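A short worksheet on the structure shown next.
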Amino acid sequence: MNLVRGFLRRPGRTAAEATALVVAVVVAFPLYWMVLSAFRPVGEIESDTPRPWTLTPSLASFRRVFGQQEFGRYFLNSAVVACSVVVVSALIAFLAATAVTRFRFRFRTTLLVMFLVAQMVPVEALTIPLFFLMRDFGQLNTLGSLILPHIAFSLPFAIWMLRGFVKAVPEALEEAAYIDGASRARFLWQILFPLALPGLVATSVFSFISAWNDFLFAKSFIISDTSQSMLPMALPVFYKPDEPDWGGVMAASTVMTIPVPAFFVLVQRRLVSGLGGAVKD
């Protein structure tokens, strides 16, 4: 009875919670169907009357996925590219955000505006120019052709976001560190870097997801040496127009999805504090 009265007294909150629940179900259902299809036997996948459950789960689709000779290589390449992008972009973004926040120089505002403008340019519009650029530098069919563009595309967002975290660190803290004899480098890495770490984690999640799920650059820059390709390129192996292996596609998609939530869980605490803000004066 008290529960009913609580619902009647808070209709707005109840409606918001119900709406959030419906949205969560709609968003999560494709993921559920992907995992379910990965464990279904072939007969159920090809059935004309699909059911949202299975009573005979099977690992046959996963065996076919891991039986592919290049799948492990693709997985390792994706891990190398994603981790390299996260580390390098975080380091450069931190130094750049510190520079545009702590120092006064000409065209600083123009530079910040350019960061925003860079975010507005669609990736597809730059793929062909980047292809010729990578060809001229001899980087085609190498992991470098995948790492460099992702670093370039992740930096504007990372710098702009980290600027707020660096700016939130009181200047009085920097002055106190200098009075105590700390050098600029020591303040940068032993004081400012740990305080801006939540922001670095938040931007790293974006960089990791973008690099891990890359298909466009891998398809465009890896032409002949397929051993340098990324994990999303393993999906077309299981899809054939005349006889698509939907179980293999779903199993490969499930394996490809696991590292993203794993990385999110790994940095969850830092990410929550990063989205909540940094140090305040």
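The values are calculated or read from the model by the stated rules, or taken from the named source; none is laboratory data. All values reported here derive from a predicted model rather than from experimental measurement. Because the Cβ atoms are built from the backbone with ideal geometry, glycine has one as well, and the counts that use them run over all protein chains shown. In case anyone asks, the SASA skips ligands and DNA or RNA and just uses the protein heavy atoms, side chains included. Shrake-Rupley method; radii C 1.70, N 1.55, O 1.52, S 1.80 Å.
Quick look at the values:
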{"quantity": "Residue pairs meeting the criteria (Cβ under 7 Å; at least 6 apart or on separate chains; first open to solvent by less than 10 Å² (accessible area, probe 1.4 Å) and modelled with pLDDT of 85 or more, in the stretch 198-225; second part of a helix (DSSP H, G or I) and of a type in the set (Val, Ile, Thr))", "calculated": "SER207/VAL85; SER207/VAL86; ALA211/VAL81; ALA211/VAL85; TRP212/VAL260"}
{"quantity": "Residue within the stretch 1-8 that is in a helix (DSSP H, G or I), farther than 27 Å from GLY144 by Cα and open to solvent by less than 50 Å² (accessible area, probe 1.4 Å) present", "calculated": "yes"}
{"quantity": "Which numbered condition GLU175 fails, given (1) open to solvent by less than 60 Å² (accessible area, probe 1.4 Å); (2) over 25 Å from the mean Cα position of the chain (by Cα)", "calculated": "(1)"}
{"quantity": "Index of the failed condition, ALA152 passing every other in (1) assigned to a helix (DSSP H, G or I); (2) in contact (Cβ under 8 Å) with a residue 24 or more places away in the chain", "calculated": "(2)"}
{"quantity": "Residue ID - modelled with the lowest pLDDT, chosen from residues in the stretch 94-141 that are within 21 Å of the chain's Cα centre (by Cα) and outside any helix (DSSP H, G or I)", "calculated": "VAL121"}
{"quantity": "Residue list for the stretch 153-175, restricted to those being among the small types (Gly, Ala, Ser) and closer than 18 Å to THR110 by Cα", "calculated": "ALA158, GLY164"}
{"quantity": "Subset of the stretch 65-93 (residues that are more than 14 Å from GLY144 (Cα to Cα), over 15 Å from the mean Cα position of the chain (by Cα) and assigned to a helix (DSSP H, G or I))", "calculated": "VAL65, PHE66, GLY67, PHE71, GLY72, ARG73, TYR74, PHE75, LEU76, LEU91, ILE92, ALA93"}
{"quantity": "Single unsatisfied condition, PRO244 versus (1) in a loop (DSSP other than H, G, I, E, B); (2) open to solvent by 50 Å² or more (accessible area, probe 1.4 Å)", "calculated": "(2)"}
{"quantity": "SER58, sole failed condition from (1) of a type outside the set (Lys, Arg); (2) touching a residue at least 40 places away in the same chain (Cβ under 8 Å); (3) not in a helix (DSSP H, G or I)", "calculated": "(2)"}
{"quantity": "Criterion violated by ALA251 - all others in (1) open to solvent by 40 Å² or more (accessible area, probe 1.4 Å); (2) over 30 Å from LEU126 (Cβ atoms); (3) in contact (Cβ under 8 Å) with a residue 60 or more places away in the chain satisfied", "calculated": "(1)"}
{"quantity": "Residue check for ALA96: of a type in the set (Gly, Ala, Ser), loosely packed, with under 11 Cβ neighbours inside 10 Å and farther than 30 Å from MET233 by Cβ", "calculated": "no"}
{"quantity": "Test for PRO149: is it of a type outside the set (D, E, K, R), touching a helix residue (DSSP H, G or I) at 6+ places or on another chain (Cβ under 6 Å) and farther than 17 Å from ASP214 by Cβ", "calculated": "no"}
